[in-house]
Each structure stands twice: as C-alpha cells, then as structure tokens.
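Step one of this worksheet: look at the structure below.
The values are calculated or read from the model by the stated rules, or taken from the named source; none is laboratory data. This is a predicted model, so every value here is computed, not measured. Here Cβ is always computed from backbone atoms with ideal geometry, including for glycine, and neighbour counts include all displayed protein chains.
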Amino acid sequence: MKALVTPYSFHWSLHPRIYVAPYAKEPIAIDGNIHKKEWERIPWSSPFDDIRGEDDVPSPNDRPSPACETKVKMMWDDEYLYIAAILKSDMEVFATYTERNSPIYHEDSDFEVFVDPASSCHHYKELEMNAINTVWNLMLDKPYMDGGQEFSGRIANPGDDHYYEVDSQKTMVRVLEGTLNNNNVDEKKTQKNTWAVEIALSHRDILRYSSGSGFENKERSSQIQPSEGEQWRINFSRVEEKGSINWTWQKQQIWDVEESNPAYRGVVDMHQPNVWGYVKFGPPIKDGASDKIIAEVFGEVSMDDISTGSAGDPFWPLKLAAMNIYYAQRKMKNLHGYFSSSLDALSGLVDPKTLAPFGSSVRINVGDGSESYTAHIECSGRLVSINSDRLMSATNNESLSKIQ
C-alpha cells in the first residue's frame, strides 16, 4: 500500500533505526554465551554497515563483507539493559589491552556502545571493549566538536572533577572461532575469527548525571529505570585496523554544510548523538507467542512503519529541523564570527525542505554579543529547543494533537 504523503514524510524518511527490546522476566546471567535459552528467540538487528551509510561510502571495499558480519540484540529488566553481539571476521582479531579504561580502539578490535537516555546530546555514555573483556567506560558532557570533555577513570582519579566510573555494569566475551593476535601470515589468509559479547548496562549507571540532573554538583538523576514504551538513543560501533575501519548499526548521517553543496551525508564521527538509533523498552514476550509474533513485535521496527510516522519518535520532525538550524549556525559562526537571530540570514545553510513545515513557529534567541543562541521549534503541542552547545530538549503538551 502506498504511504500517505504528509508535510513530514521527508522527515520520517530520515528517521534512525529503532529496536524494540522485550522485557526479560528473569535476570540474565552474563557469561558470554549468546546462544543460551534467554537469547535464542530474540531477533537480531540488521548487520552493521560502514559508518557513513551505503549511499555515502567512498568505495564498496569499505563496507563489511558477509564474512565480517556484526549484529546485536537487546532485552531489559528493572535493573539492566542487556546486549548480545556477534562479531565475525576474516581479519585477525587483536586484543592486547589488559588494563581497564585503556583507549581500546587505538590498537585492538573494538566493540562500542553509545547511550543517550535523555536524547539531549549531553552527558551521554560510552562503553568500549575488546575480545579479552577489557573495558573502557566514559562519559562526554557534550560532543567533542562542541567543546566536550571526557570524564573517565582513564584521565582522572576518584574525587577528581573529570572522574566517571560505573558501579554495576557486567560484561563477558567468548571467542567462538579462530584465535586472537595471530600474526602468522599464511594462517591469516584462511582463518575465520568470531567473538561474542554479552553486556548488562545498569540503568543507574546510564541515567547517572543525565542532562538536567546536575552533573556539576555531583547529583544523580532521580530516574532509576526506564518505563515500558520509553525510548533511549543508542548506537553501536565496531572498530578495526586501529580506527581505519568503522562499522555501525545506525549510519551517522548529518546535515553537512561543510561541503560546497549542503546535504544530508554520512560522516566518520560517532560523537553525533542526534543521529543515533533508538532502543524502545517493550513488554514481556507473551507465553506461547510464536516466532512469527515475536519477530513482528520485537527487534528492529520496519522502516516502512517508521516512514509513515506511526512508529517513530513523535518529536523527530522537530528534532531534525532543530539540528538543521544547529549545523547552519555552526557554519554561520565559522564564516562570520557570530550566530544569527534570523532564519532568513541562514538561507543557503539550512535545508528549506526540512524547515518548510514549521514556518513562523521557529524562534531563535541570541545571547549578548551573538556568542550563543537557543532555537525553539513548536508544532502541534510539541516543543523542541536546541542551543549553541547542542543541548536539546523536548517537551510535550499531550492535550494537543500528535504530529502525523
């Protein structure tokens, strides 16, 4: 059936992937076995692809072959977000770092998880791990390109301002096929290597210092767990060859105004949290549910369903427009030394197609000296705001109609 064309059809076509995670009725023992009973009926995600996406990858050789497939699946309960991943490879798997909070991607084969529970682009969390279960946990107060800083045990000690550590996280790895750190040239030509990752991310660790909880005062978020139906921003990355290979679940496609022809393009930058995918916290699997029903209710949401606006983040059209203004304002500042209070002045830097449905509902308030700004977009009872540091917020008046 042909999709209904609405003023937001273009926006929905750019919506990131969504994975609906079922609620686990019993806690999952984290032992690295991703083929155990608890996981066997949970749907896999789509395979990872080049971080820039199929359309923007420079060469087909940059995309993973079937022999290098990476996939994830997820569940959750009141304490944890559970993640299972499988990483196949026809390359050697390197795992040399043994000290916690080492910069794993510098040398090793690396699996990474990024989570922004508030969808604010601030105080998001990152986990990196290698094939011998060495982990690095860190938090970014905001993305690096916005002047963000790392908070972790790698650069700071307990009690220091930039110290961050998790309390309840669980991880385990199993090598399912092949070997690690094999430099035998002849064997490397034919060897297949597969490793599996199993993770339990504590909700308390992820929600800690989330935007609005007052990180500077060392306060904790009052929220201790997600609720059914809630969505968090999430993405996964696999890094090989000391960072020269980067495959992700959700492509990192932004409004790129740095080229002579502004367009939505994929970029090699995981620290663009506004374009990560979503995990939606679903209900438990009903007793007696068939595999067909499980596949229909859980796992990745069909892009056809997302493109109609029926399954995505209801704030997405406004968020896409807000980020369009954000990237345009960055370019404006670089070109002219100030931020603009006028959408007209950003002509040629913003995308008319993205902004068209919102018209006069866009307001830009510029601070003293035009050194900062906050942009607001309101439509159908929903308001999204973004500032010059990329801090994004979304508020809803549920008495008004939903965007369709």
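Which of the following residues is assigned to a loop (DSSP other than H, G, I, E, B) and within 16 Å of residue 373 (Cα to Cα): 327, 338?
338
To keep it simple, each residue is scored yes or no on (1) surrounded by 15 or more Cβ atoms within 10 Å (Cβ to Cβ); (2) at positive phi; (3) among the aromatic types (Phe, Trp, Tyr).
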site: 16; (1), (2), (3): yes, no, no
site: 48; (1), (2), (3): yes, no, yes
site: 53; (1), (2), (3): yes, yes, no
site: 72; (1), (2), (3): yes, no, no
site: 79; (1), (2), (3): yes, no, no
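Exactly one of these conditions fails for residue 211: (1) at pLDDT 95 or above; (2) buried (at least 19 other Cβ atoms within 10 Å of the Cβ); (3) out of contact with any strand residue (DSSP E or B) (no Cβ under 7 Å at 6 or more places or on another chain); (4) assigned to a loop (DSSP other than H, G, I, E, B). Give me its number.
Among (1) at pLDDT 95 or above; (2) buried (at least 19 other Cβ atoms within 10 Å of the Cβ); (3) out of contact with any strand residue (DSSP E or B) (no Cβ under 7 Å at 6 or more places or on another chain); (4) assigned to a loop (DSSP other than H, G, I, E, B), the lone unmet condition for residue 211 is (1).
Do the conditions hold for residue 349, that is, is it surrounded by 13 or more Cβ atoms within 10 Å (Cβ to Cβ), out of contact with any Gly (no Cβ under 6 Å at 6 or more places or on another chain) and not assigned by TED's automatic domain parsing to the domain that holds residue 143?
yes
So, in segment 160-192, how many residues would count as being polar (S, T, N, Q) and at pLDDT 95 or above? Don't jump to the end; show me each part of the working.
First, pick out the residues of segment 160-192 that are polar (S, T, N, Q): 168-169, 171, 179, 181-184, 190-191.
Within this subset, residues satisfying the condition of being at pLDDT 95 or above are 168-169, 171.
Within segment 160-192, residues that are polar (S, T, N, Q) and at pLDDT 95 or above number 3.
Taking the condition of being outside any strand (DSSP E or B) and surrounded by 13 or more Cβ atoms within 10 Å (Cβ to Cβ), how many residues in segment 352-366 meet it?
The number of residues fulfilling the criteria is 5.
Could you list, in sequence order, the residues of segment 287-319 that are of a type in the set (A, V, I, L, M) and more than 15 Å from residue 250 (Cβ to Cβ)? Outline the logic, then answer.
So in segment 287-319, the residues of a type in the set (A, V, I, L, M) come out as 289, 293-295, 297, 301, 303, 306, 311, 318.
Across segment 287-319, the qualifying residues are 289, 293, 294, 295, 297, 311, 318.
With the requirement that a residue be of a type outside the set (D, E, K, R) and farther than 18 Å from residue 74 by Cα, what does segment 290-307 give you?
290, 303, 306, 307
Among residues belonging to segment 11-31 that are touching an Asp or Glu at 6+ places or on another chain (Cβ under 9 Å) and not in a loop (DSSP other than H, G, I, E, B), point out the one that is farthest from residue 324 (Cα to Cα).
23
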